[in-house]
Amino acid sequence: MEQKLIFTNLVGTAIDDLVSSMGNPHTVVISDVNTSNFVMPYLKNDSKVVANSTEIVMKAGDSNKSLDELTIIWKKLISAGATRSSVIINIGGGVVSDIGGFAASTFKRGMKFINVPTTLLGAVDASVGGKTGINFNGFKNQLGTFSEPEAAIISTCYLNTLPQQELLSGYAEMLKHGLLENDEIFGKLLSYSLVYPLFDSERLLPMLEDSVMVKQKVVLSDPTEKGFRKVLNFGHTIGHAFESFAMAHQSPIAHGYAVAWGLIGELVLSHMLLDFPSEKLHKFAQYVKTNYGAFAISCDDYPSLIEAMRQDKKNESVDKINFTLLHNVGEPEINQTATPEQIGAALDIYRDLMGLA
């Protein structure tokens, strides 16, 4: 099924029209505490469907993308009288769409759901592509399904409620898509300001649409990640290792920040193994350092980071760590492997680029 993508800042109207086209089924909204406080009052005013739905409010944050929280959602779906004919509307960031989609895909062997991302990261990443899941046993996204939502309603109208960190977290995925697509899109992204008061959410909507369509094009070519869809993992092997490392040290980091730093590490590997242009690597590293700062690591941390990379779900064996790398902007290469020694060298260069060495 090709997922319907609706780009609009009239979100309430879009929800009502979409649910009406589905025959006005029973609906349940899943949100988190932040969305419930800052976004739901507007949506309840703008959407009859949302106003009349049972709302399940989960705890906020990636640490709550867990089996315990999923169990609570399943129980509350039962209490709300949800059936296989009901529809879940996931309203929130990537954590909500990941766990809400997983709940929908498994409850009573599967029910329909709609994603309404309210964060930039949720819009550009988790709302599209059909991946659902939760963290498990200290590692990211270890349990999940491929389950396409009926639609994603994507807007920028709620982004002004977000702190700067949330905007930058989502923008990292847009930067990844720009690196995968072409120099023109990537260049536009590097020239756009996310800093208040220059940030313009209306101007961002067409750029967001371009970025989401990059991902949608890839997903349609490989729905269950058997081949080319692996390009979307660019930056994530190292990025997820940074996240797991931070979680283990009880200092969680934002997913998008981890991706931004992971992109640098994997661009370094791209330069080492595929001759990615040095000047583009340095330009991107300077952009990330300026806007995201640096994830501080030392050489003593390399064994733990490499072990986390070994646990990455993209690996086909524990002996080979799999990456998507780039020959150049717009020229990705999947199924590239690197030795621990090469990864350690790349982390050395990452630390030097970030001013940590």
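May I ask you to give the percent of accessible area on region 284-357 that is carbon plus sulfur, with a probe radius of 1.4 Å?
Values: 1580 of 3490 Å².
Here it works out to 45 percent.
Over the Cα atoms of region 107-167, Rg to Rh with Kirkwood Rh, two decimal places? Please list the in-between numbers first.
On the way: Rg = 13.5 Å, Rh = 13.1 Å.
Radius of gyration relative to Kirkwood radius: 1.03.
Along the principal axes of its C-alpha atoms, what lengths does region 240-290 span, in descending order and rounded to whole Å?
If we take the Cα atoms of region 240-290, the spans are 36, 24, 13 Å.
Accessible area of region 69-124 with a 1.4 Å probe: how many percent of it is carbon plus sulfur?
Working: 970 of 1780 Å².
Here it works out to 55 percent.
Could you give log10 I(q)/I(0) at q = 0.15, 0.20 Å⁻¹ for region 193-281, computed by the Debye formula over C-alpha point scatterers of equal weight, without solvent?
Listed by q, the Debye log ratios stand at -0.84, -1.15.
Take the Cα of GLN165, step 7 Å along the line toward its Cβ, and report every residue of region 52-70 whose backbone nitrogen sits under 16 Å from that point.
60-64
Between CYS157 and ASP183, with labels modelled 7 Å along Cα→Cβ, what's the label distance in nm to one decimal, could you check?
For the pair CYS157/ASP183, the computed spacing is 3.9 nm.
Test of understanding: in a Gaussian network model of the chain with alpha carbons linked when under 10 Å, which of THR119, THR27, THR83 would top the mean-square fluctuation ranking?
Comparing THR119, THR27, THR83 in a Gaussian network model of the chain, the most mobile one is THR83.
Normalised by the residues of the chain, what does the relative contact order come to in percent, with Cα pairs under 8 Å and at least six apart? Don't skip to the end; give the middle numbers.
Values: 640 pairs, mean separation 49.1, N = 357.
RCO, the chain: 14 percent.
Over all alpha-carbon pairs in region 20-122, figure out the percentage whose distance exceeds 17 Å. Walk me through the numbers on the way to the answer.
Details: 2382 of 5253 pairs.
The proportion of pairs with Cα distances above 17 Å equals 45 percent.
Apply 1/(1 + (r/R0)^6) to the Cβ-Cβ distance of THR337 and SER85, taking R0 = 35 Å, and write down the FRET efficiency to the nearest 0.05.
0.15
How many percent of the alpha carbon pairs in the chain exceed a separation of 25 Å?
On the way: 32340 of 63546 pairs.
Summing the P(r) tail past 25 Å for the chain gives 51 percent.
Per residue, how large is the accessible surface of region 145-222? Use a 1.4 angstrom probe and give square angstrom. Walk me through the intermediate numbers first.
Numbers: 3050 Å² over 78 residues.
Ligands and nucleic acids excluded, the result is 39 Å² per residue.
Which one, ASN135, ILE153, LEU194, projects farthest toward the positive side of the charge dipole computed for region 98-200 from Cβ point charges (K/R +1, D/E -1)?
ASN135
Among GLY81, ILE6, GLY122, whose Cα sits farthest toward the positive end of the charge dipole of region 1-135 (+1 at Cβ of Lys/Arg, -1 at Cβ of Asp/Glu, about the Cα centre)?
In region 1-135, that residue is GLY81.
List the lysines whose Cα lies under 20 Å from the Cα of LYS75, skipping any in the same chain that are fewer than 8 positions away.
In chain and number order, the partners are LYS59, LYS65, LYS108, LYS112.
About the Cα centre of region 214-280, how large is the charge dipole given +1 on each Lys and Arg Cβ and -1 on each Asp and Glu Cβ? Please answer in debye to the nearest 20. List each step's numbers first, then the result.
Values: 6 positive and 6 negative charges, 53 e Å.
With only Lys, Arg, Asp and Glu charged at Cβ, the dipole is about 260 debye.
Pick out, from ILE253, SER298, VAL212, the residue whose Cα sits farthest towards the positive end of the charge dipole of region 212-326, with +1 on the Cβ of Lys and Arg and -1 on the Cβ of Asp and Glu.
Going by the charge dipole, the pick is VAL212.
I'd like to check one number: the per residue accessible area of region 224-282, probe 1.4 Å, reported in Å² as a whole number. Mind showing how you got there, number by number?
Numbers: 1990 Å² over 59 residues.
It amounts to 34 Å² per residue over region 224-282.
Under a point spin-label approximation (7 Å from Cα along Cα-to-Cβ), what is the ASP17-LEU5 distance to one decimal in nm?
Calculated label separation equals 1.8 nm.
At 222 nm, what helix-only mean residue ellipticity would the chain give, in deg cm²/dmol to the nearest 500, using -39500 (n - 2.57) for each DSSP H run of four or more? Don't skip to the end; give the middle numbers.
Numbers: 14 runs with 173 residues, N = 357.
Only helices count here, giving -15000 deg cm²/dmol.
Which values of log₁₀ I(q)/I(0), to two decimal places, follow from the Debye formula for region 155-303 at q = 0.19 Å⁻¹ with a uniform point scatterer at every Cα?
Relative scattering, expressed as log10 I(q)/I(0), comes to -1.31.
Output the direction-averaged projected area (hull surface divided by four) of the convex hull of the alpha-carbon atoms of region 137-235, in nm².
Working: hull surface 31.4 nm².
Result: 7.9 nm².
Explain nothing, just the number: dipole magnitude of the chain about its Cα centre with +1 on each Lys and Arg Cβ and -1 on each Asp and Glu Cβ, in debye rounded to the nearest 20.
On the way: 29 positive and 39 negative charges, 215 e Å.
Dipole magnitude for the chain comes out near 1040 debye.
Explain nothing, just the number: dipole magnitude of region 112-215 about its Cα centre with +1 on each Lys and Arg Cβ and -1 on each Asp and Glu Cβ, in debye rounded to the nearest 20. Walk me through the intermediate numbers first.
Details: 7 positive and 12 negative charges, 71 e Å.
Using Cβ point charges on Lys, Arg, Asp and Glu, region 112-215 gives about 340 debye.
How far is it, in nm, from the label point at GLN250 to the one at LYS59 when both lie 7 Å from their Cα along the line to the Cβ?
Each label point is offset 7 Å from its Cα along the Cβ direction, giving 1.4 nm.
The values are calculated or read from the model by the stated rules, or taken from the named source; none is laboratory data. Nothing here was measured: the structure is a model prediction, and the numbers come from that model. Quick reminder, even Gly has a Cβ in these numbers, built from the backbone with ideal geometry, and neighbours come from all protein chains shown. Note: areas computed on protein heavy atoms with side chains; ligands, DNA, RNA excluded. Shrake-Rupley method; radii C 1.70, N 1.55, O 1.52, S 1.80 Å.
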